[in-house]
Amino acid sequence: MKRLVLLGGGHSHVEVLRRFGTDPLTGTELVLVSPFPDSPYSGMLPGWIAGHYTRDECHIDLMRLTHFANCRFARSACNGINPEARLVFCEDGTTLPYDVVSVDTGTRSPAFDTPGAAEHALPVKPVEHFVSVWDEICKRAARDQAPRRIAVVGGGAAGVEVLLAMQYRLRRLAPFAEFSFELVSDTGSILVTHNIKVRTIFRRVLERRGVTLHLGRAVERVDACRLRLRGGASIEADAIVWATGASAPLWPRSVGLVTDERGFILVNGRLQSVSHPQVFASGDIASVRDHPRPKSGVYAVRAGPRLAENLRRALRGDQLIEWKPQKEALALISTGDRYAVASRGNLALEGKWVWQWKNWIDRRFMKRYEMP
């Protein structure tokens, strides 16, 4: 009996579980290690923040999925691995030997690299913590007790989308309250990885909705209810939300796995560690050596089928197959209300119909994991 240990319930691993459940591999024991009973789908998170979806509609039930895949569920976080001895160390003290291990645990928030942010800011990642805090903010808003001055740090798609979703929800929960929203970014423009037409659309939306922009202003420190910016300026805020992208967890490099310069596990085109062939990685925690791509749920979803096939082949001792991620991915970025913008290369499309298209894509993805 061989053992495959899956660390994390990310977008790639839910597809691995689905495929192993549909087509079991004889002589293999599956173990999923995750501290959470469900997995949030990042594509629907802004819609949940805005109130368009319930929590269940945008979370994949890992308990049901592991049952479908005849997979043991170890409810714990991973503290690290010993890739030489092939051991996984869980936070609850459990040690799991493995024949093959795959890592899809996501990333940590860059907020923790800024003094004071851990104490005074709410990072979007880990999503599970953000979800619980946002739930409480919404309950307070219904009692007219929500924070009035809100600052979001991060000028990428995540920061813009989260801000607009929060604004939409709070204004409906407390229509007579006066809210102010400010967006802070160390880049000179919002959405720098998207084309000028997309950036222009969102500049228009943010301006119309009264959002104050602070561009080219890095945050040096976070105090209680205050962002201190490089150059001496500061911004007062009752709530500070951090949505600046992804930082690598510390443990992969510390256990001897080869990583890229940012600390993400370096894998080859077969999604296999370049230093330890029995270790695989996918999603945001991985960096594909010959095909670097932005950290995006789209690539994690697309990697799922190839990861599942290569894990199966590794367990059987068969030759692995290459995966080359697409060069550009379609981004469907919502504006809080049921309106969205499509961005890919030089393409920019907007409208209510784009949101409906995004909604159809997201619900179709989620339906795939509705196990009996």
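Quick notes on this one:
- Couplings 3J(HN,Hα) for the range 21-29, derived from phi with the Karplus relation 6.51 cos²θ - 1.76 cosθ + 1.60 (θ = phi - 60°), are x, 6, 9, x, 9, 4, x, 10, 9 Hz, where x marks Gly and Pro.
- Gain in span if fully extended, Arg149 to Glu220, counting 0.36 nm per residue against the direct Cα distance: 23.6 nm
- Under 5 Å between amide hydrogens, built in the peptide plane, is the criterion, and for Thr259 it picks out Leu266 among residues at least 5 positions away or on other chains.
- Cross-link reach list, lysines versus Lys125, counting only Cα pairs under 30 Å and skipping chain neighbours closer than eight places: Lys139, Lys197, Lys295, Lys324, Lys327, Lys352, Lys358, Lys367
- Restricting the range 2-99 to trypsin sites (Lys or Arg not before Pro) in coil, as DSSP defines it, with at most 14 other Cβ within 10 Å: Arg55
- Summed over all non-identical Cα pairs, the Kirkwood treatment of the range 1-154 gives a radius of 17.4 Å.
- Selection of GluC sites (Glu not before Pro), the range 132-202, meeting DSSP coil and at most 12 other Cβ within 10 Å: Glu178
- Counting protein heavy atoms only, the chain has 48 percent of its accessible area on carbon and sulfur, 1.4 angstrom probe.
- Surface accessible to a 1.4 Å probe, per residue, for the residues of the chain, Å²: 45
- Counting only Cβ charges, +1 for Lys and Arg and -1 for Asp and Glu, the dipole size of the range 157-210 around its Cα centre is about 300 debye.
- Using θ = phi - 60° in the Karplus curve 6.51 cos²θ - 1.76 cosθ + 1.60, the 3J(HN,Hα) couplings for the range 362-368 round to 5, 5, 5, 4, 5, 4, 4 Hz; x is entered for Gly and Pro.
- Dipole moment magnitude, nearest 20 debye, the range 282-372 about Cα centre, only Lys, Arg, Asp, Glu C-beta charged: 160
- Distances between every pair of Cα atoms in the range 149-270, grouped in 5 Å steps from 0 to the bin holding the largest one, split as 2, 10, 18, 18, 15, 13, 10, 7, 4, 2, 0, 0 percent.
- Taken along its principal axes, the alpha carbon cloud of the range 305-372 reaches lengths of 50, 37, 14 Å, longest axis first.
- Taking the inverse of the mean 1/r over every pair of distinct Cα atoms in the range 237-372 gives a Kirkwood hydrodynamic radius of 17.3 Å.
- Per-residue Karplus couplings for the range 195-211, computed as 6.51 cos²θ - 1.76 cosθ + 1.60 with θ equal to phi - 60°, are listed in order as 6, 4, 5, 5, 4, 5, 4, 6, 4, 5, 5, 5, 5, 5, 9, x, 7 Hz, Gly and Pro entered as x.
- Based on the reciprocal of the average 1/r between different C-alpha atoms, the Kirkwood radius for the chain equals 21.5 Å.
- Tensor-based shape of the range 22-90 (alpha-carbon gyration tensor, a/c under 1.5 rounded, otherwise prolate or oblate): oblate
- Length available on full extension from Gln278 to Lys197: 0.36 nm per residue minus the Cα-Cα distance, which gives 24.7 nm.
- Here the range 274-341 and the range 184-247 have alpha carbon centers that stand 29 Å from each other.
- Between Asp260 and Asp113, the simple label model (points 7 Å from Cα in the Cβ direction) yields a spacing of 1.3 nm.
- Counting only Cβ charges, +1 for Lys and Arg and -1 for Asp and Glu, the dipole size of the chain around its Cα centre is about 940 debye.
- Listed residue (Ile235, Leu266, Pro305) projecting farthest to the positive dipole end of the range 209-344, Cβ model: Pro305
The values are calculated or read from the model by the stated rules, or taken from the named source; none is laboratory data. None of the values given here were measured: they were computed from a predicted structure. Note: ideal-geometry Cβ built from the backbone for every residue, glycine included; neighbour counts use all protein chains shown. Each accessible area value is taken on the protein alone, full model and side chains, heavy atoms only, with ligands, DNA and RNA left out. Shrake-Rupley method; radii C 1.70, N 1.55, O 1.52, S 1.80 Å.
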